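Comments concern the structure below.
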């Protein structure tokens, strides 16, 4: 059987996001430096948490599903500040 | 005087049913939705069981935005190379009043919210509720992100979904345990309708729902494949702490399911139309928060009313059922001019009296059993191993007896018969 998986970029381009200028989730990179598990990196279904070489985390809120996985799996108090985007913004599902 | 009788936060199935019920009782209701339209933020594992609407919206099936009526329901147990399927088909489920339906949530939720609007509820989209307005311990309204966005009401019904920051702010939740939550991820794949009909063995508006155990690489959870009209959906439900404790990302895990020999022929060539994710409250009865407080009720996912009981995987019906009950309880409290915690306590009694909490209480052990290590990691191999031995013809060796097969396959799967008996007993007590 042949198998060709689509790129993650292509996967995310299938979803509509109405990005607001305010980041509705912020990540405190300093707090992440001490974290050994970095559960957010593997669990975030939009792959928004990227580990960087200094041990911290790079985060971009723009393609967020607003699901809550990151703050639920995070074990570092205060690392993730989580709110919903402004009304009318953020993810817009169509065929879910 | 408050601005309105009731504010319902979240125009999902719970919120729209609550708003519809209150509006029909003659109450002024604002239904606040943070998405640009109802359903924009919602995603699920695919099947709505709408019979709970029979009283509220008679003949709902004549207008509900359904993709397909589920007439073929399968439960599949698999290992990496094997699969055993129970395949049930019913023509009756393809006729009114039907049983389950697949639908796109943006369609379904918008339709239901429209019904609430038609009864007089005021739908306010693109509006995020940022917090509760309090007078002492009493909830008296909500703060929104609109300019001058404070809105007061005699009662607030929080239908703000699984993360329910409102229920938490109102102090209705205890400490949040990630082990009570799963992540649902899904691919919506486009295929021509005739191809879907052919592959899934259905015609017209009939459709298939397949629920799968043993496809999550040891992470407690399950999988699903179901048919829409000209798309199919394939996805997984994954217990959060276990997902976070291993290396494979959600889309890789879905990729492995799509490559399985029992699934690949169904999904092959499907072009990805949408990738989506949502968190699900799967802790069952024991994680249900306090359901009412002074001036506030909680319904739907916000009240953790999702049923993850293995053979039954339901949520939208529990959302609608709890939303209706919340609307009724609020209407009664408003009529008596008492929306205090005591005045709203009738809500829980209503849920205890109908399927919402009765099913949850009866099945309170089910989520733990279904997501247990043995059910997740050992039993799929055991079940498939037994099936393989039963159906395999090993001539010239004579057929082994069933008891011998079970015993040797249990040994191979690392299952102790004592544990199997105990789980069978728990299962019997839970589901019986």
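Rounded to whole Å, give me the distance from the Cα center of the stretch B:364-411 to that of the stretch B:131-159. Rounded to whole Å, the Cα centres lie 55 Å apart.
Entry note, chain B: relative contact order of 19 percent, from Cα contacts under 8 Å with a spacing of 6+ residues.
Computed from Cα positions, the angle between helix B:402-413 and the longest principal axis of chain B comes to roughly 70 degrees. With both residues required to sit in the stretch B:1-100, DSSP beta bridges show an antiparallel share near 65%.
Between residue A:10 and residue B:205, the modelled labels are 3.5 nm apart [label points 7 Å from Cα along Cα→Cβ].
Taking 0.36 nm per residue of separation and subtracting the current Cα-Cα distance, fully stretching the chain between residue B:341 and residue B:246 would add 29.9 nm. Normalised by the number of residues in the stretch B:179-281, the average gap of Cα pairs under 8 Å and 6 or more apart makes the relative contact order 43 percent. Here, the stretch B:179-281 is characterised by an Rg to Rh ratio of 0.99, where Rg is the alpha-carbon radius of gyration and Rh the Kirkwood radius. Taken over the stretch B:372-431, the alpha-carbon convex hull comes to 84 cubic angstrom per residue. Once the Cα atoms are used to define both axes, helix B:379-391 deviates from the longest principal axis of chain B by about 40 degrees.
How large is the Kirkwood hydrodynamic radius of the stretch B:5-161, counting all unique pairs of alpha carbons, in Å? With all distinct Cα pairs of the stretch B:5-161 included, I get 17.3 Å. How much of the DSSP bridge set in the protein assembly as shown is antiparallel, in percent, rounded to the nearest 5? Approximately 75 percent, going by the DSSP bridge assignments.
Beta-bridge orientation, chain B: approximately 70 percent antiparallel, per DSSP, counting only bridges with both partners inside. From helices alone, chain B scores -9500 deg cm²/dmol at 222 nm; the rule is -39500 (n - 2.57) for each run of n ≥ 4 DSSP H residues, then divide by the residue total.
Shape index of the stretch B:329-423: Rg/Rh, with Rg the Cα radius of gyration and Rh the Kirkwood radius from the inverse mean 1/r over Cα pairs, equals 1.40.
Taking one quarter of the surface of the C-alpha convex hull of chain A gives a mean projected area of 8.0 nm². Counting every other Cβ atom within 10 Å of each residue's Cβ, B:125, A:32 order from fewest to most as B:125, A:32.
For the protein assembly as shown, pairs of C-alpha atoms spaced more than 34 angstrom apart make up 38 percent of the total.
Between the helical axis of B:250-259 and the longest alpha-carbon principal axis of chain B there is an angle of about 40 degrees. Convex hull volume of the Cα atoms of chain B, normalised per residue: 152 Å³.
For the pair the stretch B:326-362 / the stretch A:49-96, the C-alpha centres are spaced 35 Å from each other.
Every read-out reported here was derived from the displayed coordinates using simple, explicitly stated rules and does not represent laboratory data. Here the structure is a predicted model, which is why all the values come from computation and not from measurement. A quick note on method: Cβ atoms are made from the backbone with ideal geometry, for glycine too, and the neighbour counts reach across all protein chains shown.
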